[in-house]
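Chemist: Structure in structure tokens, see below.
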Amino acid sequence: MKYPAIQNFINGKFVSASTTKTMDVISPLNGSHLSTVPMSAYKDLDDAVRAAKAAFPSWSRTPIKERVQVLFKYKYLLEKYLKELSELCTEENGKTYNESVAEIEKCVELTEFATSLPQLITGEVLEVSRGVECRTEHAPLGVVASIVPFNFPSMVPNWTIPNAIALGNCMIIKPSEKVPLSCGRLAEILKEAGLPDGVFNVVHGDVEIVEAICDHPGIEAVSFVGSTKVAKIVYQRATQNLKRCLALGGAKNHLMVLPDAIPDMTAQNVAASMSGCAGQRCMAASAMVAVGGVEHIIEKICDEARKIIPGKNLGAVINKDSQQRIEKYITEAEQQGAKILVDGRNTKVAGSENGTYVGPTVIDYVTPEMSVAKEEIFGPVISIMRTKTVDEALAIENANPYGNAASVFTQNGGMARYIIERASAGMIGVNVGVPVPREPFSFGGWNESKFGVGDITGKSSIEFWTKLKKSTTKWNPEAGINWMS
């Protein structure tokens, strides 16, 4: 075991869980045993909530311009420890080192946005009658929680950590039990940055802790990122317990490729979108709709896919179960009549034979009713469906229950606008394979890719992590009384 047994982080220090049940943490790169993670119980969560509640009065009354000074230091430390954090991310998640570097750089950007919050929540004030002022202020909620997935061990936690604590909340985070190491390191870095004890806490575990977070009366709001199936359950359970909840689910993102698309740029973007992070991201392109005569572009996509080599510029998928599930989708599509143009099954990396890899896979002549066309595969696989018209392509995109992202590749501005207006997705790209908005624009999909109001990052997140306080003041009795005062 490379690292010591993982512990929870509560009230500024690492502490053992109250249970002895643990799970092994295995690196998907080579199957090595990294550590063990505790499957905490309700008592452990309750300890974290108590610590956060105790820290809340002081932290929430600290002026926001002082609170974000911690985040300025945190940003500096993320940059200082970028190499270490990137290596840790690669080790526990399996993505390439360059992808991990990009992930930590995104954490820096997210934190940078949070440092700007004092300029974005100044509130409003208006003299509504002579001598009478009405004012609005953003007040923190209290203790909040974030449940995060395995595919971005640092970035997704930082979708919520900087904004939630900058806005005066105290936070509990539940990392994925598959990648628990990064969140523990983030906790140490926040403490080094000067964050007071109890403001940020980490509780490890499985479904028991997820349910406990949804049920605990001391938690005011819950954010979740994961599969749509679980997102629905978390949203229903948390809101049933009268909590705010924003739950992000899965995706089936469609890239529509038109005949006038620039072949090389399109091929490079499509291949990168479907294979980045081994396809384990909710913004990955997993379905392509080829409109009309685009054979020449499909050939170039296959050429680009063959340049993507597992163990070099393609990382591992998270575990053996995931590897087997992805390969099952490919085999099923082939049996149903689809044509495998590039086959990533049965991939082995020399020197890492125990790693869990799936090579880039391009499947052509997929029909909309096939599983590979409808379901989230979460692997480096793209399914190509063919249509004669843009409206047929849009019908396929609109019929899918998800709504994270959609992109179109074309040089026709009018056609791009036509698709932007009609695609049923929260994030749209034009000649962009992964249309993730940059800060301060927010991240969030539509339909069954998101449950709850607002988005998880950017300006939109302010409304989720705060509540409005309205005050009306009058100090001049000589002004008289009217219906407005």
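The values are calculated or read from the model by the stated rules, or taken from the named source; none is laboratory data. Treat the numbers as computed from the prediction; the structure is a model and nothing was measured. Heads up, the Cβs are rebuilt from the backbone with ideal geometry, glycines too, and the neighbour counts pull from every protein chain shown.
Chemist: Condition check: closer than 18 Å to V270 by Cα and surrounded by fewer than 21 Cβ atoms within 10 Å (Cβ to Cβ). Does I340 satisfy that?
Modeler: yes
Chemist: Out of all the residues in region 359-371, which are surrounded by fewer than 24 Cβ atoms within 10 Å (Cβ to Cβ), outside any loop (DSSP other than H, G, I, E, B) and not small (G, A, S)?
Modeler: If the condition is that a residue be surrounded by fewer than 24 Cβ atoms within 10 Å (Cβ to Cβ), outside any loop (DSSP other than H, G, I, E, B) and not small (G, A, S), then D364 is the only one that fits.
Chemist: With respect to E133, is the statement that it is more than 17 Å from G12 (Cα to Cα) and either surrounded by fewer than 23 Cβ atoms within 10 Å (Cβ to Cβ) or of a type in the set (D, E) (or both) true?
Modeler: Spelling it out, E133 is indeed more than 17 Å from G12 (Cα to Cα) and either surrounded by fewer than 23 Cβ atoms within 10 Å (Cβ to Cβ) or of a type in the set (D, E) (or both).
Chemist: One residue is enough: does region 252-270 have a residue meeting the conditions of a type in the set (D, E, K, R), surrounded by fewer than 24 Cβ atoms within 10 Å (Cβ to Cβ) and not assigned by TED's automatic domain parsing to the domain that holds S461?
Modeler: So far as region 252-270 goes, yes, one or more of its residues are of a type in the set (D, E, K, R), surrounded by fewer than 24 Cβ atoms within 10 Å (Cβ to Cβ) and not assigned by TED's automatic domain parsing to the domain that holds S461.
Chemist: So for region 304-323 (the condition being part of a helix (DSSP H, G or I) and touching a helix residue (DSSP H, G or I) at 6+ places or on another chain (Cβ under 7 Å)), does at least one residue qualify?
Modeler: yes
Chemist: Report those strands (runs of 3 or more DSSP E) wholly inside region 211-278 carrying at least 1 residues which are among the aliphatic types (A, V, I, L, M) and farther than 30 Å from A395 by Cα.
Modeler: Because the criterion is at least 1 residues that are among the aliphatic types (A, V, I, L, M) and farther than 30 Å from A395 by Cα, the strands (runs of 3 or more DSSP E) in region 211-278 that meet it are 221-225.
Chemist: Then there's this: Check whether at least one residue in region 77-96 is under 20 Å from R185 (Cβ atoms), in contact (Cβ under 8 Å) with a residue 40 or more places away in the chain, surrounded by fewer than 24 Cβ atoms within 10 Å (Cβ to Cβ) and more than 23 Å from the chain's Cα centre (by Cα), and report yes or no.
Modeler: No.
Chemist: Is there a residue being under 30 Å from G94 (Cα atoms), touching a Ser or Thr at 6+ places or on another chain (Cβ under 6 Å) and outside any helix (DSSP H, G or I) anywhere in region 389-403?
Modeler: Yes, because at least one residue in region 389-403 is under 30 Å from G94 (Cα atoms), touching a Ser or Thr at 6+ places or on another chain (Cβ under 6 Å) and outside any helix (DSSP H, G or I).
Chemist: Given the criterion of a type in the set (A, V, I, L, M, F, W, C), farther than 27 Å from T387 by Cβ and buried (at least 23 other Cβ atoms within 10 Å of the Cβ), identify the matching residue among A333, A316, A284.
Modeler: A316
Chemist: If you don't mind, another one. Could you tell me how many of the residues in region 393-433 are surrounded by 23 or more Cβ atoms within 10 Å (Cβ to Cβ) and under 21 Å from E463 (Cβ atoms)?
Modeler: Result for region 393-433: 3.
Chemist: Tell me, please, whether a residue that is at pLDDT below 95, more than 26 Å from K106 (Cβ to Cβ) and out of contact with any Lys or Arg (no Cβ under 7 Å at 6 or more places or on another chain) can be found in region 1-16.
Modeler: yes
Chemist: Tell me, please, whether a residue that is surrounded by 22 or more Cβ atoms within 10 Å (Cβ to Cβ) and of a type in the set (S, T, Y) can be found in region 434-451.
Modeler: Looking through region 434-451, at least one residue is surrounded by 22 or more Cβ atoms within 10 Å (Cβ to Cβ) and of a type in the set (S, T, Y).
Chemist: Sticking with this one: Just for strands (runs of 3 or more DSSP E) wholly inside region 129-202: which have at least 2 residues that are at pLDDT 95 or above, touching a helix residue (DSSP H, G or I) at 6+ places or on another chain (Cβ under 6 Å) and of a type outside the set (A, V, I, L, M)?
Modeler: Per the criteria, 170-174, 200-202.
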